[in-house]
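Report on one structure; see the data block that follows.
Just so you know, all these numbers are worked out from the coordinates, no wet-lab data involved. Just so you know, these numbers come straight off a predicted model, no measurement behind them. Virtual Cβ from ideal backbone geometry, glycine too; neighbours counted across all protein chains shown.
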Amino acid sequence: MRLSPRLTAIAGMVRQGSRVADIGTDHAYIPVFLIETNKAQRAVASDINIGPLSKAREVIRQRRLEERIDTRLGNGLDVIESGEVDTVILAGMGGMLIRDILKAGQRVLEGVERLVLQPMNAQEIVREWLVHNGYAIVDEDLAREGDKIYQIIAAQPGSQQIDDPFYFEIGKLLIEKKHPLLPHLLNKKLKEYNSIITGLQGATKAGTARRLEEYKLKRGRLQGVMEQCGRKHT
Ligand SMILES: C[S@@+](CC[C@H](N)C(=O)[O-])C[C@H]1O[C@@H](n2cnc3c(N)ncnc32)[C@H](O)[C@@H]1O
């Protein structure tokens, strides 16, 4: 099975020989790829909605992988037994939903060695939750599809201190590894902050001045990283 750049980057974060749960699997492309390439020994593909799960079952049936991929209907990590998997993938969902699923799934997470997360938004909420809840961010990647840039985060149990909240917005590892797609991500964030700043400049509500200052500071930090990447900002 050929995967899109986003799904390839997610699969790339999974370690050889893993027992994987893909929560919110939809089409089951990730577990199918992981099993077909022998990266995973076994997989559970789950979804909260019957429509996507039926799609997943059909793809798994067509690839004759029913013996190696279990499908389950249910909410978040509720469908996983303690100790059943060592890797949990949560991809293509909002950052707050990913955080809430992790928060509610402590029983399962006790035996899990690796989280592979791809939040569609609110990535800072996910990074912050991880480092404040006994995880270390061990790898980060970016994938581009058309105009979109996706952020993929791998974490494992451990301690990590991130004192500077800017690194919740932009993963420190992305900066350290000078990821080739980082300038694209920074540009997108700069545009987002510029439009927030423009909006706040016209507002008169209490607290606006503080938010405006906050966003100006964040914009300055982004511009600094952009310069570090050898790029001019707009
Ligand atoms: C946009 S799809 C992403 C599919 C796939 N993971 C990917 O990255 O391409 C999000 C899927 O998450 C499922 N989902 C949403 N909330 C969920 C929850 N609490 N537990 C399990 N699945 C959930 C949805 O039904 C949907 O199929």
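Would you mind classifying segment 122-211 by shape? Square roots of the alpha carbon gyration tensor eigenvalues, ordered a ≥ b ≥ c; an a/c under 1.5 is rounded, otherwise it is prolate if a/b is larger than b/c and oblate if not. Oblate, because a/c is 1.5 or more while a/b does not exceed b/c.
Here Lys172 is the anchor, and the lysines within straight C-alpha reach of less than 29 Å, apart from those fewer than 8 places off in the same chain, are Lys39, Lys103, Lys148, Lys188, Lys189, Lys191, Lys216, Lys218, Lys232. Using only Cα coordinates, the Kirkwood hydrodynamic radius of segment 84-136 works out to 11.1 Å. Positive end of the dipole of segment 181-228 (Cβ unit charges, origin at the Cα centre): among Tyr193, Leu217, Gly207, the Cα lying farthest that way belongs to Gly207. With a simple spin-label model that places each label point 7 Å from the Cα along the Cα-to-Cβ direction, the separation between Glu81 and Ile48 comes to 2.5 nm.
Rounded to whole numbers, the Karplus 3J(HN,Hα) couplings from phi for segment 161-173 are 10, 10, 7, 9, x, 4, 6, 7, 6, 10, x, 4, 5 Hz, using 6.51 cos²θ - 1.76 cosθ + 1.60 with θ = phi - 60°, and x at Gly and Pro. Close amide H partners of Thr71, meaning residues 5 or more places away or on another chain with modelled amide H under 5 Å apart, are Ala45.
The dipole here belongs to segment 107-189: it is taken about the Cα centre, uses +1 on the Cβ of Lys and Arg and -1 on the Cβ of Asp and Glu, and is about 200 debye.
The magnitude of the dipole of segment 168-207, with charges of +1 and -1 set on the Cβ of Lys/Arg and Asp/Glu and taken from the Cα centre, is near 80 debye. Only Lys, Arg, Asp and Glu carry charge here, each on its Cβ (+1 for the first two, -1 for the last two); on that basis the chain has a dipole of about 800 debye about its Cα centre. Straightening the chain between Arg64 and Ala203 buys 44.2 nm, computed as 0.36 nm per residue apart minus the Cα-Cα spacing.
Summarised in one figure, the compactness ratio Rg/Rh of segment 182-228, Cα atoms and Kirkwood Rh, is 1.04.
Helices in the chain, meaning DSSP H runs of at least 4 residues, each add -39500 (n - 2.57). Divided by all residues, the mean residue ellipticity at 222 nm is -13000 deg cm²/dmol.
Using the Cβ-Cβ distance between Glu176 and Arg107 with R0 = 45 Å, the FRET efficiency computed as 1/(1 + (r/R0)^6) comes to roughly 0.85. With a simple spin-label model that places each label point 7 Å from the Cα along the Cα-to-Cβ direction, the separation between Asp163 and His132 comes to 1.8 nm.
Each part gets one Cα centre, and for segment 88-161 versus segment 3-46 those centres are 15 Å apart. Within the chain, the whole DSSP H helices whose Cα atoms reach 24 Å or more along their own axis and whose mean Kyte-Doolittle score is at least -1.0 are 182-202. Considering only beta bridges that DSSP places wholly inside the chain, some 40 percent are antiparallel. Close amide H partners of Ala136, meaning residues 5 or more places away or on another chain with modelled amide H under 5 Å apart, are Gln156, Gly158. Take the Cα radius of gyration of segment 5-174 and divide it by 2.2 N^0.38 Å, N being the number of residues; the result is 0.97. Projecting the Cα atoms of Ala155, Thr87, Gln62 onto the charge dipole of segment 5-174 (Cβ charges, centred on the Cα centre) puts Gln62 farthest toward the positive pole.
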